[in-house]
Amino acid sequence: MNRPSGEWIVGNGVVADGAGTFLDDGALHIRDGRIITVAPTAQLRRDRVEFIDVNGRLIMPGFLNAHHHLYSSLAVGTSPIGPTPDFYRILTNMWWPLDGALDRESVYLSALVGLTDAVRHGVTMLFDHHASMGFVRGSLDLLHRAFAEAGIKGTLCFETSERAGPVSLEEQIEENLEFAAQASASPSVRGLFGLHANLTLGNDTLQRIADRKPADLPIHVHCGEDAADLEHCRTVGFAGPADRLAAFGLLSSRSLLVHAIHLSERDYERVAEIRPVIVTNPESNANNRVGHMVRRRMPAYVLGTDGMGCDMLATLRAHFLLGRDQDESWTDLQANVFAERYRVQELFFPDTGRFRPDIRADVAVPDYIPATPVSPDNLLGHLIFGAQGGPMFLTLADGRILFREGRVTFLDETALRREARAVAVRLHERYYG
């Protein structure tokens with residue numbers, strides 16, 4: 001199935017990005033993959049340009065999932081192979097055996113299934129944190145291929161860890177470095193340097209990475225997800241996980257620190273000083289029983305799913321409900337959901353983010369027609385309590401229609417799921433061993 005592309009006007013809806021652009025009855029004129037004009041619908045109706053009528057729905061910038069594990073897409077239906085009373089044994093009895101069982105075909109199909117789910121839910125940018133300890137070299141190239149097929153943007157890295165031994169560790173380092181260099185010429189994918197977590201990396205390994213990694217290559221790391229990560233850092237002579245990464249020169253303003261739950265006072269000082277990208281994953285945190293990030297201690301943050309699907313509106317709703325006991329104002333929540341998200345997107349893809357002329361046309365139209373007035377002040381409330389989640393009405397990336405009328409446009413999803421199921425059967429057999 002060919003992905004439609006060309007010139008479009010998407011209109012008769014509430015055009016809103018939560019960061020300054022708001023039109024109660026607005027439209028976007030899209031040509032050559034970019035937004036040409038944002039204006040009232042009446043000004044943009046053109047006889048010879050296809051008009052996509054959204055019938056009063058919200059027209060928003062495409063969503064960002066700032067931390068995902070696409071390799072988890074084929075894990076649905078599996079059970080841990082041993083008890084999981086704590087976080088470490090969730091890793092050793094579930095996720096590490098799974099990523100050890102992944103091979104070439106399951107890595108690719110996991111990515112394509114996950115990216116299809118992302119597009120279905122309006123995600124047009126995704127930061128993936130990959131692990132497949134049985135198939136390291138070339139794995140990021142396969143993910144890049146899947147991203148190209150799906151038509152969305154993102155960052156890729158391999159989850160470097162000592163747990164698979166020294167030979168594998170060297171392969172993981174090389175995979176990160178080589179892919180990042182290769183991806184620097186890509187218009188849609190960037191390479192980062194992936195680290196699993198402080199608790200699976202020794203001081204010698206962190207020093208090797210610091211010595212070999214280009215200074216401008218950011219890291220993507222689980223940071224203080226569980227108390228074990230904080231305790232490990234203290235055991236090896238540091239105040240905490242952010243402090244340890246900074247001590248090795250690995251922390252920068254473009255680093256992705258994921259979870260940031262179990263931190264020391266010195267860690268919070270490092271975060272305030274360096275201002276890395278903080279990614280919180282509310283559903284995963286609840287599922288793994290690791291606690292929740294203290295929002296008032298963070299300068300800003302964005303949302304991820306940590307492998308638990310790609311419905312960012314459902315994640316936003318969970319984030320709001322699970323944080324009702326936190327001292328966070330509605331204004332601060334809005335700033336993180338909108339302005340901080342666009343800032344982070346622009347760190348890696350400067351011509352994306354909030355609606356403005358000449359940015360890449362990444363658009364999400366939730367399948368939700370508001371029954372009450374929408375304004376800049378209550379837009380977030382409409383997303384949390386009205387739209388809530390579920391498939392989009394329309395998703396575009398770089399001006400291409402990726403999802404419309406309940407169907408993805410870039411592949412035969414029925415055939416994909418049939419193929420993925422066959423691959424998943426073999427993956428599950430290896431996993432259970």
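The values are calculated or read from the model by the stated rules, or taken from the named source; none is laboratory data. As the structure is a prediction and not an experimental result, all values here were calculated from the model. Positions of Cβ are generated from backbone atoms using ideal geometry, with glycine treated the same way; all protein chains shown enter the neighbour counts.
Might you check whether a residue that is free of Cβ contacts under 8 Å to residues at least 60 places away in the same chain, over 24 Å from GLY390 (Cβ atoms) and either basic (Lys, Arg) or not in a helix (DSSP H, G or I) (or both) occurs anywhere in the stretch 58-79?
yes
Restricting to the stretch 328-385, give me the number of residues that are of a type in the set (S, T, N, Q), in contact with a helix residue (DSSP H, G or I) (Cβ under 7 Å, 6 or more places away or on another chain) and assigned to a helix (DSSP H, G or I). Show your work before the answer.
The initial filter retains those residues of the stretch 328-385 that are of a type in the set (S, T, N, Q), namely 329, 331, 334, 336, 345, 352, 372, 375, 378.
Now narrow it down to the ones that are in contact with a helix residue (DSSP H, G or I) (Cβ under 7 Å, 6 or more places away or on another chain): 334, 352.
Narrowing further to those that are assigned to a helix (DSSP H, G or I): 334.
Residues meeting the conditions: 1.
Determine which single condition GLY33 fails, assuming it passes every other condition in (1) in contact with a Gly (Cβ under 7 Å, 6 or more places away or on another chain); (2) on the phi > 0 side of the Ramachandran plot; (3) buried (at least 20 other Cβ atoms within 10 Å of the Cβ).
Going through the list (1) in contact with a Gly (Cβ under 7 Å, 6 or more places away or on another chain); (2) on the phi > 0 side of the Ramachandran plot; (3) buried (at least 20 other Cβ atoms within 10 Å of the Cβ), GLY33 breaks only (3).
Listed here are the residues, each with its yes/no results for (1) touching a residue at least 40 places away in the same chain (Cβ under 8 Å); (2) crowded, with 21+ Cβ neighbours inside 10 Å.
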{"residue": "VAL344", "(1), (2)": "yes, yes"}
{"residue": "PRO350", "(1), (2)": "no, no"}
{"residue": "TYR368", "(1), (2)": "yes, no"}
{"residue": "ILE384", "(1), (2)": "yes, no"}
{"residue": "PRO391", "(1), (2)": "yes, no"}
{"residue": "VAL408", "(1), (2)": "yes, yes"}
{"residue": "THR414", "(1), (2)": "no, no"}
{"residue": "ALA422", "(1), (2)": "no, no"}
{"residue": "HIS428", "(1), (2)": "yes, no"}
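What's the number of the condition ARG343 fails, among (1) assigned by TED's automatic domain parsing to the domain that holds LEU394; (2) of a type in the set (Lys, Arg); (3) out of contact with any strand residue (DSSP E or B) (no Cβ under 7 Å at 6 or more places or on another chain)?
The one condition ARG343 does not meet is (1).
Could you check the stretch 217-269 and list, in sequence order, the residues that are in contact with a Lys or Arg (Cβ under 8 Å, 6 or more places away or on another chain) and surrounded by fewer than 17 Cβ atoms within 10 Å (Cβ to Cβ)?
VAL236, SER253
What pairs can you find where one residue is in the stretch 157-183 and in the same structural domain as PRO97 (by TED's automatic domain parsing), the other is surrounded by fewer than 18 Cβ atoms within 10 Å (Cβ to Cβ) and at pLDDT 95 or above, and their Cβ atoms are less than 6 Å apart, with a gap of 6+ or different chains?
LEU169/GLU162; GLU171/ARG137; GLU175/ARG137
Under the condition of being within 30 Å of ASP351 (Cα to Cα) and of a type in the set (S, T, N, Q), which residue from the stretch 126-159 is nearest to the chain's Cα centre (by Cα)? Break it down stepwise before answering.
To start, the set of residues in the stretch 126-159 that are within 30 Å of ASP351 (Cα to Cα) comprises 126-131, 138-159.
From the residues that got through so far, the ones that are of a type in the set (S, T, N, Q) too are 139, 155.
On the way: SER139: 18, THR155: 9 Å.
Out of the qualifying residues, it is THR155.
With respect to GLY307, is the statement that it is farther than 21 Å from LEU347 by Cα, buried (at least 24 other Cβ atoms within 10 Å of the Cβ) and in the same structural domain as ALA339 (by TED's automatic domain parsing) true? Let's see the steps before the verdict.
Values: farther than 21 Å from LEU347 by Cα: yes; buried (at least 24 other Cβ atoms within 10 Å of the Cβ): no; in the same structural domain as ALA339 (by TED's automatic domain parsing): yes.
Taking the combined requirement at face value, the residue does not satisfy it.
Kindly provide the set of residues from the stretch 21-57 that are farther than 17 Å from ASP362 by Cβ and in a loop (DSSP other than H, G, I, E, B), ordered by number.
First, pick out the residues of the stretch 21-57 that are farther than 17 Å from ASP362 by Cβ: 22-25, 39-51, 53, 55-56.
If the condition is that a residue be farther than 17 Å from ASP362 by Cβ and in a loop (DSSP other than H, G, I, E, B), then ARG45, ARG46, ASP47, ARG48, VAL49, ASN55, GLY56 are the ones that fit.
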